[in-house]
Amino acid sequence: MKKFMEKLSKAGISSLNQGKKDDEYLLRQVDALFEMLSDLYGADKIVLKATKLEILPYMRSERLEERVLALQALVLGRTESQEVPSKKEIPALLAQVEEEMATIVARRSIEEKLEKLVVEKMQERHEEYLREIKLQVLKENSGPETAQTFKRLALLEKMEHIGLTRSAMEVLRPQKLEEIVGQERAIRALLSKLASPYPQHIICYGPPGVGKTTAARLAFTAAKERKIVPFTEKAPFVEIDGTTLRWDPREVTNPLLGSVHDPIYQGARKDLADTGIPEPKLGLVTDAHGGILFIDEIGEMDSMLLNKLLKVLEDKRVFFDSAYYDPSDTNIPQWIKKIFETGAPADFILVGATTRDPSEINPALRSRCAEIFFEPLTPTDIQEIIYNAGEKLGVTMDPVVPERIAEYTIEGRKAVNLLADTYSLTLYQKESGEDSSSIHIAEEDLLEVLRTARLSPYVIQRGEAKSERGRVFGLGVTGFVGSLIELEAVAFPVENEKGSIRFNDTAGSMAKDSVFNASSVFRHLTGKELDDHDLHVNVIGGANIDGPSAGLAIFLALYSAVEEVPLWQDVAVTGEISLRGKLKAVGGIFEKIYGARQAGIRRVIIPKENSKDIPSGLKGIEIVAVDTIEEALELIVDRKKVQEAAAS
């Protein structure tokens, strides 16, 4: 509008001068208005419109009236009855045209401002929309990653490329069942129970370091090769330690059986927590589905958790529950709904290992499992393990090294550790630059390792091929390992039948009862009274004899001391004695025999009632089952010395 008025002013024309009748003034006014139209619409559009309205000749005419008619038609529109105005009508018509053009200019100005604002707003919205799209693309492509997380990932990947060589235990661990020494019977039993169309749950008993875990793993691998077994080639072997299993009685967490993270639980997934959906967390029993769940030290498990595990063994499924689960909620994913309605699959074979005595294991668990006993390793077994480990390490050694290691341990794992420690010491002592591939392990290096570790020989008492009076070896059991119990007795003659019997208080009340039983049997057998002697019976080492199995050993020590007959020192005995001189069955025969063999005992005397407990295939030791004390005396008394003493 302002621009329009400025152009009128430049032309020297004003609407206030309408009273002037000068043609020149009117002509200038008309020219100015045409110029304004040309600026508003453009000359081309004005010509096109004039042609359409059939007024182009009037617009180009030199007559003022005709040009006013053309201007009126262009601005106000033309009608069919419209005629060329007279000079008197021209000022009024021009005033109408000016007013209409002012309205058009004002409207055009407002429209331009609005269009400008619209364009600016559209540009702002467009840029904002582009930013949102870019952020969404970045979020989808990068996820939760930031510069800091990428830096930590790069550090972890760098660490992956740095690694030490395998540990000695990894190198020396048996890779085949044939490499497990001294457990032929246990491995055969293990394979027979796994390599079957109907595999059984198993508990493996035995001392530590004899290969229970390794045997279970290798036996499972061997069993999968047979076509008759239900295990697939990819069946899992899930291994856990019963001592480290922790769980929450509220079922907030249970790595063994699984648990449910409710929406209010801080570990719940955000997308599920926002919609109030509980999230099941499957446990190791489901990971072991279709394979083996091996629990080492199963005897150390929490009793309540163990009972829950037994329920899973029965159902072959794990069932979950949550107060937040609503089966009618359509937002619940199908996999969560299936777990809550039918449970998670957990069909596996349980293999447990323990160093505890069977009596300490849950009876309900024992009733569901086959039981396999791994045998204590003998010195010969330990030596074979050391020879095999030496070959894997590529070393030579003094012939006495395996024998020496066998004196200090009955555990295969400990024996291998001692060899590895000696290997490291020998390698360290080699001169700089010397070839490390030729290592010879000397006895001196082993002794230094033994001294550094403060180890003492495992077997202190050993049998000897000689005879002594008042000294005899009994047999005891600690855990799964048998050992020698050294008993000695001395007898001093007294007068007036005022003799007494002294015995270790630390040996226990049952051992004292065995002393009194022995004195009665002695009187029954010889017809003599022990009241004629002061007797002192001693258990060397102060061992607590928890049971009646030392009865025969105590009697023999008393008999030898009073009658002055020598007893063989490479013979060990075990058995309860009755007042009639009979030998009664005792427990732990298997372990006692192995303990005696490890101590160098030549012969073991046991009750005849224990004949069925004698291991098959024994080598290097003689087992004799007797029924009476007289039979035992014939086998342990050095008759040659008795005859020599009688002859002199």
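The values are calculated or read from the model by the stated rules, or taken from the named source; none is laboratory data. Everything numeric in this text was worked out from a predicted model, so none of it was measured. Glycine also receives a Cβ, built like all others from the backbone with ideal geometry; neighbour counts cover every protein chain displayed.
Does Val229 satisfy the condition of being under 20 Å from Glu411 (Cβ atoms) and either assigned by TED's automatic domain parsing to the domain that holds Leu293 or of a type outside the set (Ser, Thr, Tyr) (or both)?
Numbers: under 20 Å from Glu411 (Cβ atoms): no; either assigned by TED's automatic domain parsing to the domain that holds Leu293 or of a type outside the set (Ser, Thr, Tyr) (or both): yes.
Considered against the rule, which asks whether it is under 20 Å from Glu411 (Cβ atoms) and either assigned by TED's automatic domain parsing to the domain that holds Leu293 or of a type outside the set (Ser, Thr, Tyr) (or both), Val229 comes out as no.
Within the group Ile605, Ile601, Ile593, which residue is part of a strand (DSSP E or B), surrounded by 16 or more Cβ atoms within 10 Å (Cβ to Cβ) and touching a strand residue (DSSP E or B) at 6+ places or on another chain (Cβ under 9 Å)? Before the answer, list the steps.
Values: Ile601 fails: part of a strand (DSSP E or B); Ile593 fails: part of a strand (DSSP E or B).
Step by step, each of Ile605, Ile601, Ile593 is checked, and only Ile605 is part of a strand (DSSP E or B), surrounded by 16 or more Cβ atoms within 10 Å (Cβ to Cβ) and touching a strand residue (DSSP E or B) at 6+ places or on another chain (Cβ under 9 Å).
Would the range 299-306 turn up any residue that is in contact with a strand residue (DSSP E or B) (Cβ under 9 Å, 6 or more places away or on another chain), surrounded by fewer than 20 Cβ atoms within 10 Å (Cβ to Cβ) and not acidic (Asp, Glu)?
For the range 299-306, residues in contact with a strand residue (DSSP E or B) (Cβ under 9 Å, 6 or more places away or on another chain), surrounded by fewer than 20 Cβ atoms within 10 Å (Cβ to Cβ) and not acidic (Asp, Glu): absent.
Is it true that Leu138 is modelled with pLDDT of 80 or more and either in the same structural domain as Phe34 (by TED's automatic domain parsing) or in a helix (DSSP H, G or I) (or both)?
no
In the range 601-616, how many residues are under 43 Å from the mean Cα position of the chain (by Cα) and touching a residue at least 24 places away in the same chain (Cβ under 8 Å)?
Residues flagged as under 43 Å from the mean Cα position of the chain (by Cα) and touching a residue at least 24 places away in the same chain (Cβ under 8 Å) within the range 601-616 amount to 3.
Just a yes or no: is a residue in the range 78-89 surrounded by 15 or more Cβ atoms within 10 Å (Cβ to Cβ), at negative phi and not in a loop (DSSP other than H, G, I, E, B)?
No; the residues of the range 78-89 include none that is surrounded by 15 or more Cβ atoms within 10 Å (Cβ to Cβ), at negative phi and not in a loop (DSSP other than H, G, I, E, B).
Any residue at all in the range 320-338 that's among the polar types (S, T, N, Q), in a helix (DSSP H, G or I) and under 30 Å from Gln200 (Cα atoms)?
Going residue by residue through the range 320-338, those that are among the polar types (S, T, N, Q) are 322, 328, 330-331, 334.
Filter once more, so that each one left must be in a helix (DSSP H, G or I): 334.
Imposing the further condition that a residue be under 30 Å from Gln200 (Cα atoms) reduces the set to none.
Looking through the range 320-338, none of the residues is among the polar types (S, T, N, Q), in a helix (DSSP H, G or I) and under 30 Å from Gln200 (Cα atoms).
How many of the residues making up the range 253-303 are assigned to a loop (DSSP other than H, G, I, E, B), among the hydrophobic types (A, V, I, L, M, F, W, C), modelled with pLDDT of 90 or more and out of contact with any helix residue (DSSP H, G or I) (no Cβ under 9 Å at 6 or more places or on another chain)? Quick ask: steps written out before the conclusion?
Here is the first cut: in the range 253-303, the ones assigned to a loop (DSSP other than H, G, I, E, B) are 253-257, 262-269, 275-278, 283, 288-291, 297, 301-302.
Those left that are additionally among the hydrophobic types (A, V, I, L, M, F, W, C): 256-257, 264, 268, 277, 288, 301.
From what's left, modelled with pLDDT of 90 or more: 256-257, 288, 301.
Applying the additional criterion that residues be out of contact with any helix residue (DSSP H, G or I) (no Cβ under 9 Å at 6 or more places or on another chain) yields 288.
Number satisfying all stated conditions: 1.
Between His536, His524, which is in a helix (DSSP H, G or I) and at pLDDT 80 or above?
His524
May I ask you to list the residues in the range 633-648 that are in contact (Cβ under 8 Å) with a residue 40 or more places away in the chain and among the hydrophobic types (A, V, I, L, M, F, W, C)?
Scanning the range 633-648 gives Leu633, Leu635, Ile636, Val637, Val642, Ala645.
A quick yes/no check of all residues on (1) assigned to a loop (DSSP other than H, G, I, E, B); (2) crowded, with 21+ Cβ neighbours inside 10 Å; (3) modelled with pLDDT of 85 or more:
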| position | (1), (2), (3) |
| --- | --- |
| Leu164 | yes, no, no |
| Gln175 | yes, no, yes |
| Glu178 | no, no, yes |
| Val181 | yes, yes, yes |
| Ala189 | no, no, yes |
| Ser192 | no, no, yes |
| Pro197 | yes, no, yes |
| Gln200 | yes, no, yes |
| Cys204 | no, yes, yes |
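So which pairs qualify, if the first residue must be in the range 90-109 and in contact (Cβ under 8 Å) with a residue 40 or more places away in the chain, the second must be among the acidic types (Asp, Glu), the Cβ gap must be under 8 Å, and the two must be at least 6 apart or on different chains?
As it stands, the answer is Ile90/Glu65, since those pairs meet every condition given.
Go through the residues of the range 555-565 one by one and say whether even a single one is within 49 Å of the chain's Cα centre (by Cα) and in contact (Cβ under 8 Å) with a residue 60 or more places away in the chain.
Our first condition is that a residue be within 49 Å of the chain's Cα centre (by Cα); within the range 555-565, this holds for none.
No, the conditions are met nowhere in the range 555-565.
Mind checking which pairs have a first residue in the range 528-545 that is among the polar types (S, T, N, Q) and a second that is modelled with pLDDT under 80 and assigned to a helix (DSSP H, G or I), Cβ under 7 Å, 6 or more apart or different chains?
Asn544/Thr506; Asn544/Ala507
With Lys7, Lys20, Lys45 as the choices, which residue is modelled with pLDDT under 80, in a helix (DSSP H, G or I) and surrounded by 12 or more Cβ atoms within 10 Å (Cβ to Cβ)?
Lys7
Could you tell me whether Glu239 is crowded, with 16+ Cβ neighbours inside 10 Å and acidic (Asp, Glu)?
Numbers: crowded, with 16+ Cβ neighbours inside 10 Å: yes; acidic (Asp, Glu): yes.
Judged against the criteria, Glu239 is a match.
Consider Met397 against the criteria (1) within 23 Å of Ile601 (Cβ to Cβ); (2) in contact (Cβ under 8 Å) with a residue 24 or more places away in the chain: it satisfies all of them except one. Which criterion is unmet?
Status for Met397: all satisfied but (1).
Can you find even one residue in the range 541-549 that is in a helix (DSSP H, G or I) and either of a type outside the set (Phe, Trp, Tyr) or surrounded by fewer than 22 Cβ atoms within 10 Å (Cβ to Cβ) (or both)?
Yes: one or more hits.
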